[in-house]
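S.K.: Got a structure for you, questions after.
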Amino acid sequence: MKFCEFTKTLLKNANPEEYSIISLDINNFHYIADTFGQETGDTVIKQLAAHIKEEFPLGTLFCRNYADNFSILVKASFRPILEDLVINATNIQAALIGLLPEYYQLEFSIGVYVINNTEEKPELMLENANMARQLGKYGLNPNRISYYTEEMKTNTERDKDVTLDMNRAFNENEFEVFFQPKFNFKTGAIIGAEALIRWNHKTKGLLTPNYFVPLFEKNGFIQKIDMLVFERVCQFLDRWNKSGADGSCPHPITISCNLSRVQLYNPDVAKRYASIAKKYHITPSKIEIELTESLMMGNKERLLRAMNEIRKAGFEISVDDFGSGFSSLSLLKDIPANVIKLDKEFLNTNNNNDKEQIIINSIIGMAKQLDITTVAEGVEDQEQSDLLKAMGCDIVQGYYYARPMPAKEYEALLHAQFDK
Ligand code: C2E
Ligand code: MG
Ligand code: MG
């Protein structure tokens, strides 16, 4: 309240776009306190406060709202200047040597609202800066600054509508699992599928994940979706496993499910999955859990723990969108993955880039030596297909072979192949 009060006074005679409000917090701060102790957490916050005080110009107003969340009102609006200030103020790692292990990289979420209407209520200004910070939080680039735009407000309103609608949709069964077949590259036989969520909206029609998954990751609803997909996959496998003429399994298949990164903070996800699989008598190794590569840029320790638990429960692990991030290669030595899925952007042979092909070729070779299966994802044409096949890629998934389809269609496809 005091911050808002002072802001009002400070802005009385200010010009538009002269001041900015910065909203700043530390990513996964609760994890720092949980893992390295309350006192370490406190020191981190004090160091951050001291650095803000030191680096920002005289006359800057700042406060801690709660936990690790700070608000700053500064007389600056030129981006390079703001960025310098923020970079210097958050450069506290050196002050924490001995407290935080060296491998632990602090990351910040930073939102900036350049004040263009000085008459506006300070509470609203803060809200804008917070919104920018939250929307930037899940960006790929840690420590980057997210600037408020009008568009954010529109999107946030859309997000509010979807949030109000999602539980109804869930209860009315509008979420449906599609299956995209995967094929053995050499033989052309179907070996399984990836399960992909769709939203059959009563007025908007069939919605694909890019419309709702990012939002569900933010509001936590993705946990419900992932669980639903997993359970439907188990039901599907259960039905398939008994669908032969004599009630046996016509042919074993493997289905993969995506697991959102937010689930890594859910300590019993592996246990819950294992108990669902058990309920449907599914051998866990027939289910593959896909984790995206961007996840590997977060907290490595936590990721490894989660992966090991999933493996221990007997599921296979696949690294999705491999090659889209930065951490790829060295990662393979640490993580217990059975499968990597080469990112579709990576396979953009249109670039006709020789270097790219050399890299893909070596990744496939390296994976082979590590006993990791390679899947080429997003294969759209013959040329790509031929190239990847020649490179020795094991499995292929892409529009060129088959699109994601409803369970019934996929089941029919399987029967057509295996009922002989
Ligand atoms: P993903 O896991 O990498 O899934 C592959 C995406 O590539 C799917 O998009 C698929 O339809 C698309 N795709 C397959 N072949 C081709 C192709 O030849 N060309 C092109 N351009 N695209 C192709 P989709 O179904 O829209 O899903 C997008 C993303 O949403 C997924 O990427 C995944 O990250 C996420 N997602 C989907 N279902 C779930 C879910 O149940 N849980 C979670 N957490 N995320 C999900
Ligand atoms: Mg996937
Ligand atoms: Mg993928």
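The values are calculated or read from the model by the stated rules, or taken from the named source; none is laboratory data. Quick caveat: nothing in here was measured; it's all calculated off a predicted structure. Note: ideal-geometry Cβ built from the backbone for every residue, glycine included; neighbour counts use all protein chains shown. Note: areas computed on protein heavy atoms with side chains; ligands, DNA, RNA excluded. Shrake-Rupley method; radii C 1.70, N 1.55, O 1.52, S 1.80 Å.
S.K.: Computed over the Cα atoms of segment 12-152, what is the ratio Rg over Rh, Rh following Kirkwood?
M.R.: My calculation puts Rg/Rh at 0.97.
S.K.: Per residue, how big is the convex hull of the chain when only Cα atoms are used? Give it in Å³.
M.R.: Spread over its residues, the Cα hull of the chain gives 172 Å³ apiece.
S.K.: In square nanometres, what is the average projected area of the Cα convex hull of segment 192-304?
M.R.: Averaged projected area of segment 192-304's Cα convex hull equals 8.4 nm².
S.K.: For the chain, give me the percentage of DSSP beta bridges that are antiparallel, rounded to the nearest 5 percent.
M.R.: Taking every DSSP beta bridge with both residues in the chain, the antiparallel ones total about 55 percent.
S.K.: May I ask you to list the lysines whose Cα is less than 28 Å away from that of Lys75, ignoring any residue fewer than eight positions away on the same chain?
M.R.: Lys2, Lys8, Lys12, Lys46, Lys53, Lys121, Lys137, Lys153
S.K.: While we're looking at this one, here's another question. With the contact rule set at Cα under 8 Å and sequence spacing of 6 or more, what percent relative contact order holds for the chain?
M.R.: Relative contact order, the chain: 12 percent.
S.K.: Taking the radius of gyration and the Kirkwood hydrodynamic radius from Cα positions alone, what is the Rg/Rh ratio for segment 1-77, to two decimal places?
M.R.: 1.05
S.K.: Once each part is reduced to its C-alpha centroid, what is the distance from segment 352-391 to segment 170-184 in angstrom?
M.R.: With segment 352-391 and segment 170-184 each reduced to a Cα centre, they are spaced 27 Å.
S.K.: Oh, and also: Tell me, what is the 1.4 Å probe accessible area of Asp321, in Å² to the nearest 10?
M.R.: Rounded to the nearest 10, that gives 40 Å².
S.K.: Length gain on complete extension for the stretch Asp386 to Thr35, per 0.36 nm per residue less the alpha carbon to alpha carbon distance?
M.R.: The Asp386-Thr35 span can extend by a further 121.5 nm.
S.K.: Taking the Cα of Tyr211, stepping 7 Å toward and past its beta carbon, and measuring to each backbone N in segment 390-411: which are under 17 Å?
M.R.: Taking a point 7 Å out along Cα→Cβ of Tyr211, the residues of segment 390-411 whose backbone N falls under 17 Å are 404-406.
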